[in-house]
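To keep things clear, I will list the structure first and then write my remarks on it.
All of the numbers you see were taken from the coordinates with simple rules; none came from a lab. As the structure is a prediction and not an experimental result, all values here were calculated from the model. With ideal geometry, Cβ positions are generated from the backbone for all residues, glycine too; neighbour counts draw on all protein chains shown.
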Amino acid sequence: MFEICPETPADEPEVEALYDLCFAPGRTALSSYRLRDGVPRVADLCLVLRDPHGQLMAAIRYWPARIGARRVLLLGPIAVHPTAQGEGLGGLLMRDSLSRARRMRFSRVLLVGDAPYYSRFGFRRLDDVVMPPPTNPDRVLGLELRPGAWVGVAGLVTRAPGAVTRPPNAPQGQPCAMVASPKEAVHDTIDPAADR
Ligand SMILES: CC(C)(COP(=O)(O)OP(=O)(O)OC[C@H]1O[C@@H](n2cnc3c(N)ncnc32)[C@H](O)[C@@H]1OP(=O)(O)O)[C@@H](O)C(=O)NCCC(=O)NCCS
């Protein structure tokens, strides 16, 4: 089993070290970081995933941003410890955080990343949304948490320094959750009849 919890200030040095390990040096020079500078994170959606020994195995963060007057959730960074990549932990954290965001009634999510990976969670290229340059437009991807939420939302993505990081009347963020390892989950779903 793994535990997924909202990130606390005590987790922060470990999370930063994980990101440093997983990304090339200079990650904070990326244009998407200009949208994050001085903007408080969406705390309820910044999550850490720990193994049964308490080791930090993966982390994800979200920031608020804007396109014109419309609010968007900016997903990232997400990182999985190199020793555990490809075991489904990234997928666990993506699905858990997106379902928390949906429960909190956020409408739309934006990220800059590899479409071949993020398309499995429903992300599609956003042709009319422009990230601060330099950003490859093929990597600007969006997901609707509410049907039609990206329709008519177009233009430059900007910082949201004073954004309320929870929609009005949103339910409280979720506490920690225990989740089965993706490997265990695969075993759990094996049809016993298959052995007969
Ligand atoms: C990208 C990352 C978060 C994925 O997490 P993960 O736990 O390794 O991925 P999962 O086990 O959930 O999924 C594995 C699958 O994703 C694919 N995948 C992983 N990274 C990919 C990428 N960048 N592009 C396309 N596919 C990718 C794997 O090939 C594998 O495919 P399969 O299911 O067909 O075998 C993780 O590999 C990571 O931390 N990488 C370094 C940091 C990084 O690049 N973060 C994302 C920034 S956009």
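A few remarks follow.
- Site pair M178 and F121 shows an inter-label distance of 2.5 nm when each label is modelled 7 Å from Cα along Cα→Cβ.
- Nearest-ten-degree value, helix 12-22 long axis tilted from longest Cα axis of the chain: 90 degrees
- Peptide packing: for 157-166, 97-106, the average count of neighbouring Cβ atoms within 10 Å per residue gives the ranking 97-106, 157-166, highest mean first.
- Histogrammed with a bin width of 5 Å, the alpha carbon distances of the stretch 1-52 distribute as 4, 16, 21, 28, 21, 7, 3, 0 percent, first bin at zero.
- With helices as the sole contributors, the chain gives -5500 deg cm²/dmol at 222 nm; each DSSP H run of n ≥ 4 counts as -39500 (n - 2.57), and the sum is divided by every residue.
- Taking every C-alpha pair closer than 8 Å and separated by at least 6 residues, the mean separation divided by the residue count of the stretch 2-191 gives a relative contact order of 26 percent.
- Between the stretch 32-49 and the stretch 91-131, the alpha-carbon center distance in angstrom: 15 Å
- Computed E for V151/S31 - FRET, C-beta separation, R0 30 angstrom, nearest 0.05: 0.75
- Helix 89-103 vs. the chain, principal-axis angle (Cα, 0 to 90°, nearest 10): 60 degrees
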